[in-house]
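The values are calculated or read from the model by the stated rules, or taken from the named source; none is laboratory data. No experiment lies behind these values; they were computed from the predicted model shown. Because the Cβ atoms are built from the backbone with ideal geometry, glycine has one as well, and the counts that use them run over all protein chains shown.
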C-alpha cells in the first residue's frame with residue numbers, strides 16, 4: 001500500500017542521472033507540503049531500457065498518484081518512449097536543444113554520454129590531482145607544498161574543513177589544503193607561524209557551538225574536547241582571531257558542502273580547473 | 001578582442017550555480033563544433049545583483065556573438081531582469097514550475113536556496129560520516145570497520161579507487177572503503193585474506209596500462225612500479241583474479257568519477273543516503 005498523498009518522482013537519464021537529480025530535486029524542494037519518493041533511473045540508453053523504465057513508472061502510476069518524470073535523455077527515440085508513460089513528463093533537455101540549434105546555427109550531435117565523459121584529460125587529471133593534494137594536506141599534516149595550494153581552509157577541529165576541501169577538489173579541481181586552529185593558537189591569539197606567508201590564501205570556516213559539541217561528542221564522547229563550553233570558547237577565539245587577521249570566514253552550520261565550496265570559489269575569486 | 005566564433009555561455013543561479021552548470025554543460029556538449037567560454041554567476045539573489053549580471057552579459061553581447069544564458073533562478077522578479085538581457089535566455093527552472101503546480105495542486109514556495117540547503121541534518125550528517133569513513137579506510141589502512149562498509153573498491157594502485165570512494169561518500173552518502181591489490185596478491189592469485197568475508201561488497205576498478213604507467217610515472221618517475229610492462233602485468237593479473245573471484249569490475253580509463261560512482265551504485269544496487 002502506498003502512503004496516501006505520497007508522490008513519486010523519477011529522474012530518468014541515459015547516463016549517471018546526477019544532472020536530472022539535482023535539477024529535479026531543487027524543483028521538488030519548491031513544494032514543501034508534498035511528500036516525495038525519489039527514484040533515479042540511470043543508464044536508460046536504449047529503447048529496451050526505456051520500456052523497462054516505463055514499466056516501473058506505470059506500476060507506480062497504477063497504484064497511486066501520477067508520478068513526476070524528470071528526463072535529461074538526449075536520444076529522441078528513447079525520450080519518446082518515456083514521454084508516453086503514465087507519469088507527468090518533464091523534459092529537462094530536449095526542450096532547450098531546439099532554441100540552441102537555432103541560435104548556434106548547427107544541429108546537435110544526438111550523441112549520449114557527452115556530459116560526464118572524460119572530455120578533457122587535463123581537466124580530469126586536475127580534479128584527481130586536486131583530490132590527492134587535499135588528502136596530502138588534510139588537517140595540517142603536511143605544509144611542504146602549501147605554496148601550491150589555491151586556498152587554505154582554517155577553523156577549529158570538526159568545523160567542516162575536510163569535506164569542503166574534497167568537494168573543492170572533486171567539483172572544481174581546486175587545490176585546497178586545510179589547517180586546524182587549535183587551543184595553542186588561541187593562547188597567544190596568533191596564526192600558526194607556518195600560515196603567515198600564505199595569508200592571502202586563507203579562508204575560514206566557523207560553526208555554532210551546539211552543533212560542534214554534537215559532532216565532537218560522536219567522535220570522543222564525554223571528552224573535554226566535546227564539551228559545549230569548550231566548543232564555545234574555541235569558536236569565539238577562532239572567530240576573534242580570524243577577524244583580527246582579516247581572514248574571511250563562513251558559518252558552516254546551516255550550509256551544505258556545495259554551498260560552502262561555491263561560496264569560497266566565488267568570494268575568493270578562485271580559478272577553477274573544472275566544470 | 002574576442003576569438004572569432006567563440007560563444008559565451010552564462011550559468012545564472014541564486015545559489016551555487018552547480019545545477020545550472022551541470023545541465024548547461026551537458027547541453028553545450030551536444031554542440032561539438034562550437035567553442036564555448038563558460039561563466040558561472042552564482043548567488044544572484046536580488047534585483048540589484050541581477051542588474052549586475054545583465055551588465056556582464058550585455059558587455060559580452062556587445063563585443064561578439066549573442067551569449068547563451070542558462071538560468072535556474074527561483075524568484076520571478078529576479079529572473080525577469082535576466083530574461084531582458086541581450087543573451088539567449090534559457091529558463092531551466094521556472095518553465096517546469098507551472099506544470100508541476102498544476103499537477104500537484106499547490107503553489108510553489110518561491111523561496112530561493114532550497115535546493116542545496118541542509119534540508120535534512122541526518123542526510124547531511126551521513127554524507128560527512130561517509131567521507132570520514134572513506135578517509136579512515138583509504139588504501140587498506142584500516143580494516144577494522146569493513147563490516148560497516150557499503151562497498152569496498154579493489155584494484156591495482158592508482159586505478160582511481162580513492163576519488164571514486166570520496167565521490168560515493170560526498171554525493172551519495174555511501175560508505176566506500178578501498179583496498180589495493182598488490183603484487184603479493186598476484187603471486188598466489190588469491191584475494192587478500194581480510195577481504196574474504198566481505199566478498200559480496202567488493203567492486204573492482206581496472207585501467208588501461210598506458211594510462212596507468214603515465215599516472216604512476218608522475219608519482220614515482222622511472223620506477224619499476226611505473227614501467228609499462230609492470231603496469232600491464234599487474235592489470236592482467238588483477239583482472240584475472242577479479243574474474244576468478246566473480247568480482248564485478250569497471251574500466252576507469254575513459255570514465256569520469258561521476259560515471260564510475262553512479263555505475264557502482266546502480267550495478268551494486270547500493271542504498272544511497274543522500275540525494
Next item on the list: Being assigned to a loop (DSSP other than H, G, I, E, B), touching a strand residue (DSSP E or B) at 6+ places or on another chain (Cβ under 7 Å) and under 25 Å from residue A:111 (Cβ atoms) narrows it down to one of A:44, A:34, so name that one.
Entry: A:44
Item checked: Matching residues in segment A:42-67 - criterion: being surrounded by 18 or more Cβ atoms within 10 Å (Cβ to Cβ), in contact with a helix residue (DSSP H, G or I) (Cβ under 7 Å, 6 or more places away or on another chain) and either more than 13 Å from every other protein chain (Cβ to nearest Cβ) or under 25 Å from residue A:100 (Cβ atoms) (or both) -> A:42, A:43, A:44, A:50, A:54
Note to self: I'd like to know if segment B:90-110 contains one or more residues that are buried (at least 16 other Cβ atoms within 10 Å of the Cβ), away from chain A (no Cβ under 11 Å) and at pLDDT 95 or above.
What the structure shows: no
Check: Any idea which of (1) within 11 Å of chain B (Cβ to nearest Cβ); (2) surrounded by 24 or more Cβ atoms within 10 Å (Cβ to Cβ); (3) within 30 Å of residue B:110 (Cα to Cα) is the one residue A:12 doesn't satisfy?
Finding: (1)
Next item on the list: Only one of these is within 22 Å of the chain's Cα centre (by Cα) and modelled with pLDDT under 95: A:219, A:127, A:194. Name it.
Entry: A:127
Margin query: Here are the criteria: (1) surrounded by 16 or more Cβ atoms within 10 Å (Cβ to Cβ); (2) more than 30 Å from residue B:129 (Cβ to Cβ); (3) touching a strand residue (DSSP E or B) at 6+ places or on another chain (Cβ under 9 Å). Tell me which single one residue B:243 does not satisfy.
Written below: (1)
Next item on the list: Go through (1) in contact with a strand residue (DSSP E or B) (Cβ under 8 Å, 6 or more places away or on another chain); (2) assigned to a loop (DSSP other than H, G, I, E, B) one by one and return the number of the condition residue B:70 breaks.
Entry: (2)
Next item on the list: Take residue B:210 and decide whether it is within 14 Å of another protein chain (Cβ to nearest Cβ), at negative phi and surrounded by fewer than 16 Cβ atoms within 10 Å (Cβ to Cβ).
Entry: yes
Check: Does residue A:80 count as crowded, with 17+ Cβ neighbours inside 10 Å and more than 10 Å from chain B (Cβ to nearest Cβ)?
Finding: no
Checklist line | helices (runs of 4 or more DSSP H) (entirely within segment A:146-247) containing at least 3 residues that are within 24 Å of residue B:125 (Cα to Cα) | finding: A:161-172, A:209-219, A:228-244
Note to self: So, residue B:52, is that one in a helix (DSSP H, G or I) and either modelled with pLDDT under 95 or farther than 22 Å from residue A:273 by Cα (or both) or not?
What the structure shows: yes
Note to self: Can you tell me which condition residue B:19 does not meet? The list is (1) surrounded by fewer than 22 Cβ atoms within 10 Å (Cβ to Cβ); (2) modelled with pLDDT under 95; (3) within 18 Å of residue A:265 (Cα to Cα), and all the others hold.
What the structure shows: (1)
